[in-house]
Structures are given as C-alpha cells and as structure tokens.
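Peer 1: My questions will all concern the structure given below.
The values are calculated or read from the model by the stated rules, or taken from the named source; none is laboratory data. Because the structure is predicted, anything quoted here is derived from the model rather than measured. Cβ placement follows ideal geometry from the backbone for every residue including glycine, while neighbour counts extend to all protein chains displayed. When the accessible area is computed, the model is the full protein with side chains, heavy atoms only, and any ligands, DNA or RNA have been set aside. Shrake-Rupley method; radii C 1.70, N 1.55, O 1.52, S 1.80 Å.
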Amino acid sequence: VNLESYFRSIPTGNSHLRLILVPSELRTKLDKKRGWVSPVAFDSEADVLYFSSYGKKGGTGLDIYSSKILLDGSLDTPFRLPDSVNSPADDINPVFVKENSTLIFASNRSASLGGFDLFSSETISYGGPFLSAEALPRVWNTASNEYFLFPKNDANLDSELFNGWLLSDRSGEFSAPILYEVAAVSERAEVEEPE
C-alpha cells in the first residue's frame with residue numbers, strides 16, 4: 001500500500017517502526033464529523049489492517065475494525081470485529097503483536113479498573129477469529145487511563161521481557177497523557193535498608 005494513501009505517517013525516533021494513521025478512505029462520515037483519526041496496525045502474515053472507527057451509525061461507540069489489503073494494494077470493505085473483541089463501550093488504538101498473534105487495544109468497558117485499560121485478544125488463525133478479550137495484568141493497567149501499548153518489536157507482553165512505549169495519564173499531573181518508554185531490566189536493583 002502506498003504511503004501516500006495514508007492520512008499521516010509518524011516516524012518513531014531511532015526505531016524502524018512508524019505510527020501510521022488510518023487512510024481517509026476507511027474513515028466514515030461519522031469519524032470525519034467527530035474528528036476521529038485512528039492509528040492502524042498491520043498483520044503482515046494475513047495482509048490485514050486493524051483500526052478503530054465509529055462505523056456508519058456509532059451505536060456502540062468506537063469499535064475495532066479490520067480491512068484486508070488486496071493484491072493490487074487497495075483495501076477491502078471494513079469489517080467490525082466480533083463481540084469477543086468489541087464491547088458496547090469504546091475500543092481504540094489496536095496494535096498487532098505478530099509473535100503471539102495478539103491484538104492489544106484500549107477500552108473503557110465495564111471490566112476496566114478505571115477509564116481506559118489495555119486488553120488483548122489472540123487470533124485463532126491468521127486474520128481471526130479472535131478469542132475473548134482479556135485485561136492485561138495489573139502492571140499495565142491502573143485506576144488511571146492507559147491508552148496505548150506499542151512494542152518496539154514482536155516481544156512478549158510479560159513485563160519482565162517487554163520493551164516499547166506506553167501512553168497513560170497515570171502520572172496524575174493535570175490528567176495529561178504521557179508517553180513512557182518501557183524497558184525490561186535483566187536484574188532488579190537491590191534497595192539498601194536505612195541504618
């Protein structure tokens with residue numbers, strides 16, 4: 001798919017990764033009216049693009065959609081992922097982790113600890129179907145909003161092995177989202193006890 005087809009492409013510093021926003025042809029009239037622009041995630045094995053959208057009517061808020069990339073580089077008609085992934089609340093910012101065929105996304109569904117939390121849903125085969133979404137462990141989710149988890153590579157989501165970025169307002173300063181770089185450490189530093 002030509003890069004010119006996308007609304008915007010954002011480089012991520014020294015990383016080989018790029019944050020790409022949804023092509024305008026996949027934005028619905030409601031997305032455009034509400035000013036919603038989603039990042040996209042690729043499953044390169046299945047040639048599938050994932051993104052969030054209000055859809056045509058917005059009856060279930062923002063949902064995760066997929067669109068197949070066809071042989072000529074065009075995009076197939078978007079398909080709303082099933083209720084095993086989506087909820088009646090907002091489901092946003094999908095990221096596809098190739099190593100374990102898992103879709104990570106943020107949602108403010110009733111199972112959240114507070115506001116938006118991070119959830120994951122594993123694919124059964126390339127391009128789906130998906131198993132039921134589950135909240136990521138407490139190390140990732142807090143009573144604050146967690147909006148986005150982006151691995152630097154196809155790493156395990158185990159906090160002891162993960163390297164990447166987390167977008168959250170957990171700092172508590174003016175409820176502003178902050179982008180954190182998360183890096184696994186090989187050994188935990190020992191804390192000296194006061195005498």
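Peer 1: Pull out all pairs, ordered by first then second residue, where Cβ-Cβ is under 7 Å, the residues are six or more apart or on different chains, the first lies in the range 21-32 and is farther than 16 Å from ASP63 by Cβ and at pLDDT 85 or above, and the second is open to solvent by 10 Å² or more (accessible area, probe 1.4 Å) and hydrophobic (A, V, I, L, M, F, W, C).
Peer 2: Short answer, once both residue conditions are applied: PRO23/PHE7; PRO23/LEU75; SER24/PHE7; GLU25/LEU75.
Peer 1: Would you pick out the residues in the range 29-52 that are touching a strand residue (DSSP E or B) at 6+ places or on another chain (Cβ under 6 Å) and either part of a loop (DSSP other than H, G, I, E, B) or of a type in the set (S, T, N, Q) (or both)?
Peer 2: Within the range 29-52, VAL37, SER38, VAL40, ASP47, SER52 qualify.
Peer 1: Open to solvent by 30 Å² or more (accessible area, probe 1.4 Å), under 22 Å from PHE150 (Cα atoms) and in contact (Cβ under 8 Å) with a residue 24 or more places away in the chain: is that true of ASP90 in this structure? Break it down stepwise before answering.
Peer 2: Numbers: open to solvent by 30 Å² or more (accessible area, probe 1.4 Å): yes; under 22 Å from PHE150 (Cα atoms): yes; in contact (Cβ under 8 Å) with a residue 24 or more places away in the chain: yes.
When the stated conditions are applied, ASP90 passes them.
Peer 1: For the range 53-63, check the following and say yes or no: at least one residue is assigned to a loop (DSSP other than H, G, I, E, B), of a type in the set (D, E, K, R), in contact with a helix residue (DSSP H, G or I) (Cβ under 8 Å, 6 or more places away or on another chain) and open to solvent by 10 Å² or more (accessible area, probe 1.4 Å). Let's see the steps before the verdict.
Peer 2: First pass over the range 53-63, keeping only residues assigned to a loop (DSSP other than H, G, I, E, B): 54-62.
When the remaining residues are screened for being of a type in the set (D, E, K, R), the result is 56-57.
Checking the rest, the ones that are also in contact with a helix residue (DSSP H, G or I) (Cβ under 8 Å, 6 or more places away or on another chain) come to 56-57.
After this cut, where a residue has to be open to solvent by 10 Å² or more (accessible area, probe 1.4 Å) as well, the list is 56-57.
There is at least one residue in the range 53-63 that is assigned to a loop (DSSP other than H, G, I, E, B), of a type in the set (D, E, K, R), in contact with a helix residue (DSSP H, G or I) (Cβ under 8 Å, 6 or more places away or on another chain) and open to solvent by 10 Å² or more (accessible area, probe 1.4 Å).
Peer 1: State which residue is most open to solvent (accessible area, probe 1.4 Å) when the search covers only the range 68-82 and only residues that are touching a strand residue (DSSP E or B) at 6+ places or on another chain (Cβ under 8 Å) and not β-branched (Val, Ile, Thr).
Peer 2: First pass over the range 68-82, keeping only residues touching a strand residue (DSSP E or B) at 6+ places or on another chain (Cβ under 8 Å): 68-69, 75-82.
This time we only want the ones that are not β-branched (Val, Ile, Thr), so: 68, 75-76, 78-82.
On the way: LYS68: 91, LEU75: 28, ASP76: 67, PRO78: 55, PHE79: 121, ARG80: 70, LEU81: 4, PRO82: 57 Å².
Here the residue is PHE79.
Peer 1: Let me ask another. Inspect the range 121-132 for any residue being surrounded by 19 or more Cβ atoms within 10 Å (Cβ to Cβ) and either within 21 Å of LYS56 (Cα to Cα) or modelled with pLDDT of 90 or more (or both) and give the result as yes or no. Spell out the reasoning first.
Peer 2: Let us first name the residues in the range 121-132 that are surrounded by 19 or more Cβ atoms within 10 Å (Cβ to Cβ), namely 121, 123, 128, 130.
With either within 21 Å of LYS56 (Cα to Cα) or modelled with pLDDT of 90 or more (or both) added as a condition, the list becomes 121.
Checked against the condition, which is being surrounded by 19 or more Cβ atoms within 10 Å (Cβ to Cβ) and either within 21 Å of LYS56 (Cα to Cα) or modelled with pLDDT of 90 or more (or both), the range 121-132 yields at least one hit.
Peer 1: Could you please let me know if VAL95 is crowded, with 19+ Cβ neighbours inside 10 Å and at pLDDT 90 or above? Explain how you work it out, then say what you get.
Peer 2: Numbers: crowded, with 19+ Cβ neighbours inside 10 Å: yes; at pLDDT 90 or above: no.
Against the criterion (crowded, with 19+ Cβ neighbours inside 10 Å and at pLDDT 90 or above), VAL95 does not qualify.
Peer 1: Next up: Just give me the residues in the range 102-117 being open to solvent by 30 Å² or more (accessible area, probe 1.4 Å) and either among the hydroxyl-bearing types (Ser, Thr, Tyr) or in contact with a helix residue (DSSP H, G or I) (Cβ under 9 Å, 6 or more places away or on another chain) (or both), in sequence order. Steps first, answer last, please.
Peer 2: Looking only at the range 102-117, we keep the residues that are open to solvent by 30 Å² or more (accessible area, probe 1.4 Å), and these are 108-111, 113, 115-116.
SER110, the sole residue that qualifies.
Peer 1: Tally the residues that are polar (S, T, N, Q), touching an Asp or Glu at 6+ places or on another chain (Cβ under 8 Å) and part of a loop (DSSP other than H, G, I, E, B), restricting the search to the range 88-140.
Peer 2: So the count comes out to 2.
Peer 1: Related question: For the subset of the range 145-165 comprising residues that are at pLDDT below 60 and in contact with an Asp or Glu (Cβ under 8 Å, 6 or more places away or on another chain), which member is least open to solvent (accessible area, probe 1.4 Å)?
Peer 2: First pass over the range 145-165, keeping only residues at pLDDT below 60: 154-156, 158-159.
Adding the requirement that they be in contact with an Asp or Glu (Cβ under 8 Å, 6 or more places away or on another chain) leaves 154-156.
Details: ASP154: 59, ALA155: 12, ASN156: 67 Å².
Once the filter is applied, the top-ranked residue is ALA155.
Peer 1: On to the next question. Is there any pair linking a residue in the range 65-85 that is without any contact (Cβ under 8 Å) to a residue 24 or more places away in the chain and in a loop (DSSP other than H, G, I, E, B) to one that is open to solvent by less than 70 Å² (accessible area, probe 1.4 Å) and small (Gly, Ala, Ser), with Cβ under 8 Å and at least six apart or on different chains, and which?
Peer 2: Partner pairs satisfying both residue conditions: ASP76/SER67; THR77/SER67.
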